[in-house]
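Working notes, beginning with the structure itself.
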Amino acid sequence: MKQAPRIALPLALLCVTTFAQAHPGTDAGAHHGFVEGFVHPFTGADHCAAMLAVGLWSARDAGRRWLAPLAFMAMLLAGALLALAGVQFAAVETGIAASLLALGALLFASPRLGAGRGALLVGGFALFHGAAHGQELGAGAALAGMVLATACLHGLGIGLGVALQRRAPWAARAAGAGIALLGLGLLA
């Protein structure tokens with residue numbers, strides 16, 4: 001697909017807004033509307049990379065492409081609701097960075113985990129992403145926007161992954177290496 005490079009570059013630029021932590025915790029739920037919640041996952045490299053990685057990785061399983069993304073979205077929402085309820089998660093930023101490292105490694109190595117195991121893995125990581133979002137977003141409309149944006153990023157990742165499988169299968173592995181390096185950088 002000749003359009004893959006034209007899609008990938010703007011997408012990468014959209015996601016690479018900063019290497020600083022995207023969850024400083026200083027706004028403490030200041031984002032309350034649907035639009036704020038929808039925009040939020042696009043505002044940090046960690047958000048975009050994780051959500052696109054889940055989609056790219058899920059593209060390999062034609063029969064169950066949406067299983068891992070649905071698990072991610074469900075656990076993302078659960079983590080956000082738990083954080084809004086006052087549950088404190090230990091090492092949220094470390095968990096997010098580890099998720100990037102693991103998801104990137106999965107893309108790079110392309111192991112066959114099975115759809116169920118993969119869904120459990122990404123769901124566990126999604127709890128950390130959700131906890132970070134729950135500390136920053138208000139409930140209701142903001143969370144709905146966040147989940148919809150997550151679905152869009154997963155869908156974009158799946159679409160890109162399917163296109164890359166046909167035209168440039170090495171590109172998903174290269175993306176995995178980049179995502180793993182981003183995770184390492186955030187852990188440093």
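Could you tell me whether A22 is within 27 Å of G118 (Cα to Cα), modelled with pLDDT under 55, under 16 Å from the mean Cα position of the chain (by Cα) and surrounded by fewer than 16 Cβ atoms within 10 Å (Cβ to Cβ)? Against the criterion (within 27 Å of G118 (Cα to Cα), modelled with pLDDT under 55, under 16 Å from the mean Cα position of the chain (by Cα) and surrounded by fewer than 16 Cβ atoms within 10 Å (Cβ to Cβ)), A22 does not qualify. In the condition set (1) modelled with pLDDT under 95; (2) closer than 14 Å to W57 by Cβ; (3) surrounded by fewer than 19 Cβ atoms within 10 Å (Cβ to Cβ); (4) small (G, A, S), A119 is compliant with all but (3). Applying the set (1) farther than 14 Å from H154 by Cα; (2) aliphatic (A, V, I, L, M); (3) touching a Lys or Arg at 6+ places or on another chain (Cβ under 9 Å) to L81 leaves exactly one unmet item: (3).
The residue pairs whose first member lies in the range 86-99 and is on the phi > 0 side of the Ramachandran plot, whose second member is buried (at least 16 other Cβ atoms within 10 Å of the Cβ) and not in a loop (DSSP other than H, G, I, E, B), and whose beta carbons are closer than 9 Å, counting only pairs six or more residues apart or on different chains, are A91/A98; A91/F128. Test G104 against the criterion of being closer than 15 Å to A144 by Cα, touching a Gly at 6+ places or on another chain (Cβ under 8 Å) and buried (at least 23 other Cβ atoms within 10 Å of the Cβ), and give yes or no. No, not satisfied.
Contact map, the range 155-168: first residue outside any helix (DSSP H, G or I), second residue surrounded by fewer than 17 Cβ atoms within 10 Å (Cβ to Cβ), Cβ cut-off under 7 Å, separation 6 or more or different chains; pairs are A168/A4. A single member of L52, L76, L56 is surrounded by 20 or more Cβ atoms within 10 Å (Cβ to Cβ), over 17 Å from V147 (Cβ atoms) and either free of Cβ contacts under 8 Å to residues at least 40 places away in the same chain or not hydroxyl-bearing (S, T, Y) (or both), and it is L56. Restricting attention to the range 100-112, the residues that are in contact with a Leu (Cβ under 7 Å, 6 or more places away or on another chain) and either at pLDDT below 90 or on the phi > 0 side of the Ramachandran plot (or both) total 0.
The values are calculated or read from the model by the stated rules, or taken from the named source; none is laboratory data. On a predicted model such as this, the values are computed, not experimentally measured, just so you know. Cβ: placed from backbone, ideal geometry, glycine included. Neighbour counts: every protein chain shown.
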